[in-house]
Amino acid sequence: MSNETRRPGRHFLQIPGPTPIPERVIAAMARQILDHRGPEFQKLGKRVLSGVRTLFKTEGPVLIYPSSGTGAWEAALTNTLSPGDRVLMVETGQFAVLWKQMVDRLGLRAEVIQTDWRIGADAAEIEAHLRKDKAKAIKAVCVVHNETSTGCLTRLDEVRRAIDAADHPALFMTDSISGLAAADLRHDEWGLDVTISGSQKGLMMPPGLSFTAISEKAIAASKQATLKRSYFSWDDMLAFNADGWWPYTPATGLLYGLDESINLIHEEGFDNVLERHLRLGAAVRAAVRAWGLEVNCRDAKYDSPAVTTVLMPDGHNAESFRKLVLDTFNMSLGTGLNKLAGKAFRIAHLGDTNELTVLGALTGIEMGLELAGVPHKKGGVQAAMAYLTDSVRPATAKAA
Ligand code: PLP
């Protein structure tokens with residue numbers, strides 16, 4: 001018998017990924033494994049490969065690697081670029097920092113536009129940088145869509161227009177690891193060349209699958225690119241995926257889960273899923289502001305529908321606060337990353353979440369602020385309730 005005291009009720013997992021898994025996805029994965037070279041698997045393979053395209057809004061291929069999102073970053077760079085190639089990146093936060101670190105390690109040359117980590121990438125700055133590249137030598141523009149560390153979303157449609165306005169041929173790559181199925185994302189319409197994601201966030205699955213949507217232009221670039229790749233070679237994956245197969249043992253159990261996750265998203269209605277994320281995000285920010293605390297994202301244009309990063313008042317440590325909330329209320333909040341360590345905590349509102357789970361989380365935070373002696377005003381939960389009540393009123397009026 002363990003010495004740990006039992007904690008009744010469910011753990012509130014309010015980190016921005018991995019996110020809680022719906023029972024139906026758990027049940028879908030609790031199955032005997034099948035022959036990954038057999039006809040049953042082929043049906044599953046074809047179904048998920050086609051279903052996942054609807055989430056990226058693309059008619060083109062989406063590759064599914066048995067890897068976390070970082071693997072898809074590596075695949076994107078090594079399949080399309082050659083040693084010494086120049087890459088334009090925007091340091092929107094910690095995940096942009098990590099992607100840039102990979103660019104350095106692979107022998108590419110990053111040119112970085114800095115931000116203060118409180119906004120998304122600024123399209124005008126990208127355009128200005130590309131205009132200066134008269135020789136059109138920059139090969140790729142890499143931007144994080146939803147910067148999970150800062151709670152700021154980049155407007156990819158604006159970045160597309162900026163690249164076009166500069167009349168620049170660079171590939172447009174985006175990391176939408178925490179954006180997919182939480183924020184508006186249109187791979188084809190926005191002319192994205194490589195869009196990367198992962199299973200453990202908006203898709204409400206365990207970690208372990210990465211996704212890469214690729215354009216014709218990116219595939220053409222991969223024929224010329226000379227960086228070394230083997231396991232992550234797009235060629236092998238594309239050839240096998242064409243008939244519903246993988247070039248090596250696929251993550252069969254996770255693919256069962258993916259199949260169900262795609263069903264859940266379409267049963268709710270993809271547009272409804274995105275609208276729910278917007279509403280829940282707005283409710284969380286209403287609470288934070290009513291407490292008198294500061295949302296890290298300083299321009300509403302970049303507000304993330306997936307996660308809100310909250311700045312702690314000076315003299316109060318975000319890590320001690322997170323520990324108090326975990327110990328007292330059995331809730332995990334996201335930690336502050338890199339230069340936000342100790343200075344911020346994050347409230348996730350993505351994946352399988354709704355009005356009451358978000359209000360539950362906010363209640364735990366409001367009680368935690370009181371217990372931790374963090375100066376704040378009462379009424380954050382009330383403000384979120386008021387916002388959410390108003391937001392569902394039209395639907396209830398219709399039902400009555
Ligand atoms: N990019 C973003 C925006 C992320 O949020 C994460 C993980 O949280 C990553 C990249 C890294 O992905 P993974 O941990 O799945 O390799």
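Structure summary
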read-out: Hey, Asp116 part of a loop (DSSP other than H, G, I, E, B), assigned by TED's automatic domain parsing to the domain that holds Ser261, more than 16 Å from the ligand (Cβ to nearest atom) and in contact with an Asp or Glu (Cβ under 8 Å, 6 or more places away or on another chain) or not; value: no
read-out: Number of the exception - Val141 against (1) in a helix (DSSP H, G or I); (2) within 30 Å of Thr335 (Cβ to Cβ); value: (1)
read-out: Any hit, segment 136-157, residues being surrounded by fewer than 21 Cβ atoms within 10 Å (Cβ to Cβ) and under 19 Å from the mean Cα position of the chain (by Cα); value: yes
read-out: Sole residue being of a type outside the set (A, V, I, L, M), more than 30 Å from Glu125 (Cβ to Cβ) and buried (at least 24 other Cβ atoms within 10 Å of the Cβ), chosen from Gly257, Gly244, Gly253; value: Gly257
read-out: Residue identified as basic (Lys, Arg) and under 30 Å from Glu158 (Cα atoms) among Lys301, Lys323; value: Lys301
read-out: Positions within segment 48-75 being buried (at least 17 other Cβ atoms within 10 Å of the Cβ), away from the ligand (no atom under 15 Å from the Cβ) and among the polar types (S, T, N, Q), in sequence order; value: Thr58
read-out: Filter pass, Ala283 being out of contact with any Gly (no Cβ under 9 Å at 6 or more places or on another chain), exposed (fewer than 15 other Cβ atoms within 10 Å of the Cβ) and in the same structural domain as Gly336 (by TED's automatic domain parsing); value: no
read-out: Residue check, Ala96 outside the structural domain of Glu294 (by TED's automatic domain parsing), within 11 Å of the ligand (Cβ to nearest atom) and outside any loop (DSSP other than H, G, I, E, B); value: yes
read-out: Residue that is surrounded by the fewest Cβ atoms within 10 Å (Cβ to Cβ) [pool: residues in segment 346-364 that are more than 10 Å from Thr308 (Cβ to Cβ) and out of contact with any helix residue (DSSP H, G or I) (no Cβ under 7 Å at 6 or more places or on another chain)]; value: Leu356
read-out: Segment 149-168 - residue that is in a helix (DSSP H, G or I) and hydrophobic (A, V, I, L, M, F, W, C) and, of those, farthest from Ala318 (Cα to Cα); value: Ala165
read-out: Residue match in segment 108-116 (condition: of a type in the set (Asp, Glu), surrounded by fewer than 22 Cβ atoms within 10 Å (Cβ to Cβ), within 28 Å of Cys152 (Cβ to Cβ) and at pLDDT 95 or above); value: yes
read-out: Conditions (1) surrounded by 22 or more Cβ atoms within 10 Å (Cβ to Cβ); (2) within 16 Å of the ligand (Cβ to nearest atom); number of the one not met by Glu91; value: (1)
read-out: Tabulated pairs, segment 152-174, first touching a residue at least 60 places away in the same chain (Cβ under 8 Å), second surrounded by fewer than 23 Cβ atoms within 10 Å (Cβ to Cβ) and hydroxyl-bearing (Ser, Thr, Tyr), C-beta under 7 angstrom, 6+ apart or interchain; value: Cys152/Tyr302; Leu153/Tyr302
read-out: Selection status of Ala183, within 22 Å of Ala123 (Cα to Cα), within 14 Å of the ligand (Cβ to nearest atom), surrounded by 17 or more Cβ atoms within 10 Å (Cβ to Cβ) and hydrophobic (A, V, I, L, M, F, W, C); value: yes
read-out: Segment 178-204 residues that are farther than 15 Å from Ile262 by Cβ and assigned to a loop (DSSP other than H, G, I, E, B), paired with ones that are within 11 Å of the ligand (Cβ to nearest atom) and acidic (Asp, Glu) (beta carbon under 9 Å, 6 or more apart); value: Ser178/Glu147
read-out: Qualifying residue in segment 29-39 (condition: within 23 Å of the chain's Cα centre (by Cα) and buried (at least 18 other Cβ atoms within 10 Å of the Cβ)); value: yes
read-out: Extreme residue, surrounded by the fewest Cβ atoms within 10 Å (Cβ to Cβ), among residues of segment 197-235 that are farther than 22 Å from Glu59 by Cβ and away from the ligand (no atom under 16 Å from the Cβ); value: Ser230
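The values are calculated or read from the model by the stated rules, or taken from the named source; none is laboratory data. All values derive from a computational prediction rather than experimental measurement. Positions of Cβ are backbone-derived with ideal geometry, glycine not excepted, and every protein chain shown enters the neighbour counts.
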